[in-house]
1. Let's test the formula: R0 of 25 Å, r as the Cβ-Cβ distance of H186 and S35. What FRET efficiency results, to the nearest 0.05?
2. With runs of 4+ DSSP H residues as the only contributors, calculate the mean residue ellipticity of the chain at 222 nm using -39,500 (n - 2.57) per run, divided by the residue total and rounded to the nearest 500.
3. Once you place label points 7 Å from the Cα toward the Cβ at K209 and V78, how far apart are they in nm?
4. For a bin width of 10 Å, list the pair-distance distribution of segment 87-167 built from all Cα-Cα distances, rounded to whole %.
5. Sort 248-256, 209-217 by the packing proxy (mean of other Cβ within 10 Å over each peptide's residues), most packed first.
6. Tell me which residues come under 5 Å, amide H to amide H, from R103 once H is placed; ignore anything under 5 positions away on its chain.
7. Kindly report the accessible area of the chain per residue (heavy atoms of protein chains, probe 1.4 Å, no ligands, DNA or RNA), in Å².
8. Which whole-Hz ³J(HN,Hα) couplings does segment 76-93 yield from phi under the Karplus relation 6.51 cos²θ - 1.76 cosθ + 1.60, θ = phi - 60°, glycine and proline marked x?
Amino acid sequence: MLIGSFASAGIDSKRRAAPLPRPIANMKTFTPDSSIASDVIPSANFGERNKGRLPDMILLHYTGMPDVEGAIAQLCTVGTDVSAHYIVLEDGRIVQCVPEAKRAWHAGVSSWAGEDDINSCSIGIEIVNRGHDWGYPDYPRRQIAAVIALCRGIMLRRNVPSHRVLAHSDVAPSRKKDPGEKFPWHSMANSGVGHWVQPAPIVRGDGIKLGTISDSVRDLQQALARYGYGVPVTGKYDSTTMEVVTAFQRHFRPLRVDGIADHSTLVTLQSLLASLPAEFMAVAAR
Ligand SMILES: [Zn+2]
């Protein structure tokens, strides 16, 4: 596939797709792992997966930048120290920047299910969206359809379980909000990508707030940690716990993202845990 050729991307013929930035000269190109990636723009920023760890997680991001050219330059240019395996444009085109076998640099300081080298165990997908700092537009349906198709392929090829398709904010709750509460996790799950349950309705009543010390805080922290979140079980609703609850809401109860563990948040978390596949529960019980 020629770089800069979009013939296979199915672009609306009335509207010519904007050309992608040229790849950096003398960067070695490669054959895309995904058959639906229309272009390859090789990134300079990647390494080997530590201890030969095979990826079994997909981490979703938004680019959080005002334009796509800047985002691609950021993810591919030597010296920025960031990259992702894939970039999904708003019109649904998919660009691969790092081969899946390699370790891309997208997660930063993060943790999930006891692991903290998330870059070694995951495949990173950057979804072009300006993000919270630049007006946070809705994700176009065409773009989401492309993310779904890309993820389904990776899940099949790499044996990634649904509950390991996660948000950057899930693995780095104190630093990150992406892909954010507008990301349609329910549509993704309806198409077989990601683990999701219908959130419990929001009802009147107090929730657990910052500063509370109680057994119910301990139970909440235990439940969040069992699902995979990096939260210490202390019994105190501290700022770390509040950030993790905020990340949980952004992903699983997006109607209200306030960091207060209300009844709906607690019930949604319980039903999420109850609906995990049996093999996950067996591992968690060890
Ligand atoms: Zn991110």
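1. The pair H186/S35 has a calculated efficiency of 0.40.
2. Only helices count here, giving -9000 deg cm²/dmol.
3. So the two model labels end up 5.4 nm from each other.
4. In order of increasing distance, the bins hold 16, 46, 34, 4 percent.
5. Highest mean packing first, the order is 248-256, 209-217.
6. Counting only residues 5 or more places away or on other chains, the set is G47, E48, R49.
7. Per-residue accessible area for the chain comes out at 48 Å².
8. With the stated coefficients, segment 76-93 comes to 10, 6, 4, x, 7, 6, 10, 6, 8, 5, 9, 10, 10, 6, 5, 8, x, 5 Hz.
The values are calculated or read from the model by the stated rules, or taken from the named source; none is laboratory data. What you see is a predicted model; the values in this text were computed from it and never measured. Note that we place each Cβ from the backbone using ideal geometry, even for glycine, and neighbour counts take in every protein chain shown. Heads up: the accessible areas ignore ligands, DNA and RNA and are worked out on the full protein's heavy atoms, side chains in. Shrake-Rupley method; radii C 1.70, N 1.55, O 1.52, S 1.80 Å.
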